[in-house]
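Asks: Okay, handing you the structure first.
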Amino acid sequence: MTTTQNSPLVSFVIICYNTPIAMLKTCLDSILALSLTEDEREIILVDDGSEISPIDELNAYQEQIIYIRKQNGGASTSRNTGMNCANGEYIQFIDADDYLIPQQYEHCIEIIKQHHNVDLVQFDFTSGQATNKLLTDSTPVSGTEYLQNNNIFGTVWSMLFKKSIRGTLAFTPGIVCVEDEEFKPQLVIRANNVVKTSAQAYFYRVNPDSITHDDNMTQRHLDDHLKIIQNLSQIAQTLPIPEHNAMQRRVAQLTMDYIYKIITLTHSRQELFKRIDALKTYGLFPLPNKNYTTKYIWFRKVSGTKAGLLLLLKMLPMMGIEK
């Protein structure tokens with residue numbers, strides 16, 4: 001595969017907001033450590049209106065990056081800005097306080113170089129030490145088949161995707177924390193060839209300042225989560241049967257996740273049943289009687305009764321059960 005300076009192989013879209021300079025430099029260094037030549041890579045740093053622009057602290061990187069400073073508008077508008085400016089054949093999102101794991105990410109690069117028809121590479125990530133296990137890749141399948149048979153990571157930074165499959169798809173401005181969950185299934189379902197690899201190619205820093213410490217943010221997070229479920233459910237109704245079924249599976253998973261978050265974030269019986277009533281109004285509850293996964297089957301059965309919901313309300317916060 002050949003690339004030119006006007007058409008890089010990968011555009012790395014980094015979004016930052018008041019990110020510590022040391023973390024930002026670590027992020028940039030992780031990209032520059034890859035085997036990609038300058039002609040094969042494009043690094044776009046979108047500053048979402050940081051209180052102090054980091055550019056003066058990045059003198060050593062200025063010839064390697066495209067710096068865009070915009071009015072603060074959140075992750076959605078920043079990612080949209082980066083995508084719209086990207087010239088690469090593929091796009092990789094990175095949050096500025098995270099970084100790529102070069103040795104593992106090289107495998108993702110090898111996949112798209114060796115198999116030019118791959119539209120999307122789904123890789124793993126870690127918040128600890130990356131494993132040194134033998135890497136395995138799935139056989140390429142359509143995005144519809146992948147979505148129908150897999151629980152996807154909702155994070156958009158855990159995939160490398162071909163820009164051309166995006167079309168006009170964009171992140172919805174104003175969504176908090178869960179904007180990825182709306183964008184990703186719509187993108188995946190557009191792909192003709194998806195490869196899943198076991199490479200732990202991304203280091204995700206766990207943020208101790210979570211929404212659980214802010215009741216207002218918790219409510220907004222839950223409200224936005226419900227909006228996304230509604231939107232994806234409506235989109236599913238417009239799709240052909242295979243794509244419809246695949247999207248409906250994702251809607252069911254997100255609804256299960258939503259109920260889990262209501263319980264673990266609010267610990268409130270009143271909040272739980274108020275939001276369950278809203279799900280019923282939109283035809284999203286009870287959860288569909290499908291055998292998606294063992295956890296889903298268990299959760300669907302237990303949450304299907306009032307007594308079961310009360311049991312979940314009591315047990316989930318204590319047990320720390322993952323969805």
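Asks: So what J values fall out for region 166-180 if you push phi through Karplus, 6.51 cos²θ - 1.76 cosθ + 1.60 with θ = phi - 60°, rounded to Hz, Gly and Pro as x?
Replies: 5, x, 9, 4, 9, 6, 7, x, x, 6, 10, 6, 10, 4, 4
Asks: Please list the non-local residues whose amide H lies under 5 Å from the amide H of Y90, H modeled 1.01 Å from N, same-chain partners needing a gap of 5 or more.
Replies: The answer is V10, S11, K163.
Asks: Quick check: the angle from helix 306-319's long axis to the longest principal axis of the chain, C-alpha only, nearest 10 degrees?
Replies: Its long axis makes an angle of about 40 degrees.
Asks: Across 5 Å bins from 0, what is the distribution of all Cα-Cα pair distances for region 1-112, in whole percents?
Replies: Using 5 Å bins, I get a P(r) of 2, 12, 24, 26, 20, 11, 4, 1, 0 for region 1-112.
Asks: Hey, another quick one. Once the other residues with Cβ under 13 Å from the Cβ of G73 are scored (Lys, Arg +1; Asp, Glu -1), what is the net sum?
Replies: Neighbourhood net charge equals 0.
Asks: In whole Hz and in residue order, list the ³J(HN,Hα) couplings for region 80-88 that follow from phi through the Karplus curve 6.51 cos²θ - 1.76 cosθ + 1.60, θ = phi - 60°; x for Gly and Pro.
Replies: Along region 80-88, the couplings run 4, 4, x, 4, 5, 8, 5, 9, x Hz.
Asks: Continuing with this model, one more query. On full extension of the chain, what length is gained from M319 through Y67, given 0.36 nm per residue of separation minus the C-alpha to C-alpha distance?
Replies: Full extension from M319 to Y67 adds 86.2 nm.
Asks: Run the helix sum for the chain: -39,500 (n - 2.57) per DSSP H stretch of 4+ residues, divided by residue count, reported at 222 nm to the nearest 500 deg cm²/dmol. Could you put the intermediate results ahead of the total?
Replies: Details: 10 runs with 139 residues, N = 323.
So the calculated ellipticity at 222 nm is -14000 deg cm²/dmol.
Asks: For N18 and W298, what is the calculated FRET efficiency with R₀ set at 51 Å and r taken between the beta-carbons, to the nearest 0.05? Write out the running numbers ahead of the final one.
Replies: Numbers: r = 41 Å, r/R0 = 0.81.
For N18 and W298, the calculated efficiency is 0.80.
Asks: On to the next question. Quick one: Cα centre-to-centre distance for region 148-223 and region 75-95, in angstrom?
Replies: Value for the Cα centre distance between the two parts: 13 Å.
Asks: Okay, moving on. Per residue of region 199-206, in order, report the coupling 6.51 cos²θ - 1.76 cosθ + 1.60 (Karplus, θ = phi - 60°) as ³J(HN,Hα) in whole Hz, putting x for Gly and Pro.
Replies: 4, 8, 9, 9, 9, 9, 7, 6
Asks: For the residue pair A60 and T136, what label-to-label distance in nm results when each label sits 7 Å from Cα along the Cα-to-beta-carbon direction?
Replies: 4.0
Asks: Moving on to the next point. Assuming a ≥ b ≥ c are the square roots of the Cα gyration tensor eigenvalues, decide whether region 90-134 counts as rounded (a/c under 1.5), prolate (otherwise, with a/b larger than b/c) or oblate.
Replies: Working: a/c = 2.48, a/b = 1.38, b/c = 1.81.
Note, shape of region 90-134 comes out oblate.
Asks: What FRET efficiency comes out for the pair Q103/L311, r = Cβ-Cβ distance, R0 = 35 Å, nearest 0.05?
Replies: Numbers: r = 45 Å, r/R0 = 1.29.
Between Q103 and L311 the formula returns 0.20.
Asks: Oh, and also: What does the charge count around S7 come to, taking other residues whose C-beta lies under 12 Å from its C-beta (Lys +1, Arg +1, Asp -1, Glu -1)?
Replies: On the way: positive: R41, K163; negative: D39, E40, E42, E89.
Local net charge: -2.
Asks: Inverting the mean 1/r over all pairs of different Cα atoms, compute the Kirkwood radius of region 185-323 and quote it in Å.
Replies: On the way: mean 1/r = 0.0603 Å⁻¹.
Here the Kirkwood hydrodynamic radius works out to 16.6 Å.
Asks: Sticking with this structure for a sec: Given C-alpha coordinates of the chain, what is the ratio Rg to Rh with the Kirkwood estimate of Rh? The partial results should precede the final answer.
Replies: Values: Rg = 20.3 Å, Rh = 20.9 Å.
Ratio of gyration radius to Kirkwood radius: 0.97.
Asks: Once the Cα atoms of helix 294-303 and of the chain are each reduced to a long axis, what angle between those two axes, in degrees from 0 to 90 to the nearest 10, is obtained?
Replies: On a 0 to 90 degree scale, this one is about 40.
Asks: Which of the three applies to region 248-323, rounded, prolate or oblate, going by the alpha-carbon gyration tensor with a ≥ b ≥ c and a/c under 1.5 meaning rounded? Show your work: numbers first, answer last.
Replies: Values: a/c = 1.65, a/b = 1.18, b/c = 1.40.
Oblate, since a/c reaches 1.5 and b/c is not below a/b.
Asks: Have a look at the DSSP beta bridges in the chain and tell me what percent are antiparallel, nearest 5.
Replies: On the way: 11 of 35 bridges.
Here the antiparallel bridges make up roughly 30 percent for the chain.
Asks: What's the ranking of 98-106, 285-293, 146-154 by average number of surrounding C-beta atoms within 10 Å, highest first?
Replies: On the way: 98-106: 20.7, 285-293: 14.7, 146-154: 18.4.
Descending mean neighbour count gives 98-106, 146-154, 285-293.
Every number in this text was worked out from the coordinates using simple rules, so none of it is lab data. These numbers were taken from a predicted model, which means no experiment stands behind them. Reconstructed Cβ throughout: ideal geometry from the backbone, glycine too, with neighbour counts over all protein chains shown.
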